[in-house]
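First up is the structure itself, then whatever we jot down about it.
The values are calculated or read from the model by the stated rules, or taken from the named source; none is laboratory data. Treat the numbers as computed from the prediction; the structure is a model and nothing was measured. Positions of Cβ are generated from backbone atoms using ideal geometry, with glycine treated the same way; all protein chains shown enter the neighbour counts.
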Amino acid sequence: MTTSRTALIYANVILIIVCFLFSAAYAEEVNTIWLDELDLSKATCGWGQVNKNKSCQGNPLKINGVEYERGMGTHTPSTLILKLDGKVTRFTAIIGVDDEISEQPTSDRGSIDFKVVGDKKVLYTSGTIRGYQTPEKIDIDLTGVEELRLIADDIENNYYDHADWVMAKFEYTGKPPVTIDIPKPKPYILTPKPKPTPRITGPKVFGARPGNPFLFTVTATGQRPMKFKIKGLPKGLKLDSESGRITGTAKKRGEYKTTVTAQNSLGKAKRELRIVIGDTICLTPPMGWNSWNCWACSVTEKNVRDTAEAMVASGLINHGFSYINIDDCWMRKADSNDAAIGPPVRDETGMLLTNDRFGDMKALTDYIHSLGLKAGVCISPGPTTCAGYVGSWQHEEQDAKYFAEMGFDYLKYDWCGYSKVSGNEKLEDLQRPYILMGQILEESGRDIVYSLCQYGMGNVWEWGEAVGGNCWRTTGDIVDNWGSMSGIGFSQADHWPYAKLGSWNDPDMLVVGKVGWGPNLHDSRLTADEQYTHISLWCLLSAPLLIGCPIEQLDDFTMNLLTNDEVLEVNQDPLGRQAKRIVKTDDVQVWYKDMEDGSKAIGLFNVNDYDEKTIGVKFEDLGLKGESHRVRDLWRQKDLGEFDGLFNAEVPVHGVKLIRVW
Ligand code: GAL
């Protein structure tokens, strides 16, 4: 008995020891890692920058009065992707809008949806979170999840969405989570190269004011040398048959139907060009380049000259791109108190002075004009610009005179900096500086395209035309990620009634090619499909097409993207309509634009983040009568055949099928 009891006790002790050793060997230890210990540079961010333990503006993280030591500060739209490999068990965090937006009126204090998505499934969504709201706590079981996305999306408009994920950490066994780049498949080219036979491109309608210097270049693709001819030019104008440039001064108002021909050794092309001598200029959306999205404040005169030369050498000019626009930072840096006064930011007479990155502005615009291009410039109505360079405040007449004398053809008038002197920002305060400059420009003796940039405040689309504007920014600044580009582009649906010849909604400049907002550029973070969407949507919207990358550094994909004449024709269509949206779900959108010849340009967009979608459009929903319709794929420049009643297409993730239907 004693022996067997002792044996039993021994057996139990052994069993306990074995179990202990077994569990120690196999039970994996639970570790913790903070979000801010991971590489946050992989996150996208709609404004400012993604920061470790700081807000997107670089301040200590603070939500509703409480400061937090750790976390990630970002701005909508923002996405961070993490590989978890099923070994991360838990994510906890506190989310909210950073208090640094406190100076904004309550209505403008952000509207953010924080989302946690695991393997394509939404695991958490905060609904609308605003500034000064009690922060929300997140606690999510992640067992088995392979891929996780931390998303901060904008709900109403992307102003002041300073999105903080604080005290955010993961529990894991095995390997810790790692952050990864947003997948970017290799770009692919869709459009065949232009044929060697002549094809006339660019606007079919052009407006100029009577008595002002006239400059328009008839553009065509095809082998050089090429000879241009024109019939029906108004008196005072002449065409240079080698370059296609029309110059001179037309005095008599009226609409002139001219016929342009372009001929080379392989053939001849003919097209009508309507020249309207009257009060309205910029009859089709401006196409060209702007320095901001690439060089921002590091821009130099050499950058501008290089781009202008490349515009010609690359052949982009032959597709209708004509403006070379210098954005902010060509003037002298100013203290807002002395900016309006005089030296050292202006000369003794109060005239603007360039900084040491720029030389003689007249010589620069002469050079741009000599290439058959036009020149643009930017300034703020305030004492200083956003970047602290001198603005036009109290020098409006003098500056407009300077721009005209220097030979500029385009003025971007950028609000930022004006808020210091604007008053209450009631509608009349928002309009005041734009009315003033609009009147001055009209009398400047030059056709200067007037581009309003005040981010859509006071529903500028409702009054931009009345103050003399040719285009007006409808949103904040764009950056090169899907959230930003698609957020801006797809939010234009209600603005179509305000677009017409000479008056365009401007959802900001293009983010294709190399961008960077400073001396260091990177390839646009948009995927190829996202870039096809970007250009298709901007063309459907009749938006200005201002390329934001150095033209001398264009790669084959971007060149192809920017030179599809059938796509650009959608943008430049002389009817001047903006597309309307007829389908909007979480996954797909369908937009269509009425074209002058009665056809419709249609964009079938897949906005789903993970899966290809089949998207269809019923012809009767577009007002197309009759059964059968010819459908053409515009990116591929290929007829797809006759379709009865309905057209369906498979569309890749974040991609588009852009068709034209007759
Ligand atoms: C912003 C504007 C940008 C750029 C920048 C220059 O207000 O939206 O497009 O012009 O100013 O400082």
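Here are the numbers for this structure:
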quantity	calculated
Scope segment 80-93; condition surrounded by fewer than 19 Cβ atoms within 10 Å (Cβ to Cβ) and within 19 Å of A43 (Cβ to Cβ); matching residues	K83, T92
Leading residue by the ranking (farthest from the ligand (Cβ to nearest atom)) among those in segment 441-459 that are in contact with a Cys (Cβ under 9 Å, 6 or more places away or on another chain) and under 13 Å from T280 (Cβ atoms)	D447
Conditions (1) of a type in the set (A, V, I, L, M, F, W, C); (2) in contact (Cβ under 8 Å) with a residue 12 or more places away in the chain; (3) more than 16 Å from the ligand (Cβ to nearest atom): number failed by L411	(3)
Which listed residue, of A334, A250, is more than 24 Å from the chain's Cα centre (by Cα), within 16 Å of the ligand (Cβ to nearest atom) and either modelled with pLDDT under 95 or not assigned by TED's automatic domain parsing to the domain that holds D480 (or both)	A334
G382 vs. criteria small (G, A, S), away from the ligand (no atom under 16 Å from the Cβ) and in a loop (DSSP other than H, G, I, E, B)	no
Filter result for S314 (of a type in the set (S, T, Y) and within 15 Å of the ligand (Cβ to nearest atom))	no
Complete set of residues in segment 494-553 that are among the aromatic types (F, W, Y), in contact (Cβ under 8 Å) with a residue 60 or more places away in the chain and buried (at least 24 other Cβ atoms within 10 Å of the Cβ)	W504, Y532
Selection count where residues are part of a loop (DSSP other than H, G, I, E, B) and touching a residue at least 60 places away in the same chain (Cβ under 8 Å), scope segment 194-210	9
Test: residue in segment 471-480 that is basic (K, R) and out of contact with any helix residue (DSSP H, G or I) (no Cβ under 9 Å at 6 or more places or on another chain)	no
Segment 378-398 - residue that is at pLDDT 95 or above and of a type in the set (A, V, I, L, M) and, of those, farthest from R432 (Cα to Cα)	V390
Residues (of a type in the set (S, T, N, Q) and either under 18 Å from N59 (Cβ atoms) or at pLDDT below 95 (or both)) located in segment 91-140	S102, Q104, T106, S107, S111, T128, Q133, T134
Some residue of segment 338-361 being farther than 16 Å from V299 by Cβ, of a type outside the set (A, V, I, L, M) and in a helix (DSSP H, G or I)	no
Residue list for segment 404-447, filter: among the hydrophobic types (A, V, I, L, M, F, W, C) and closer than 19 Å to D506 by Cβ	F408, L411, W415, C416, L430, I435, M437, L441
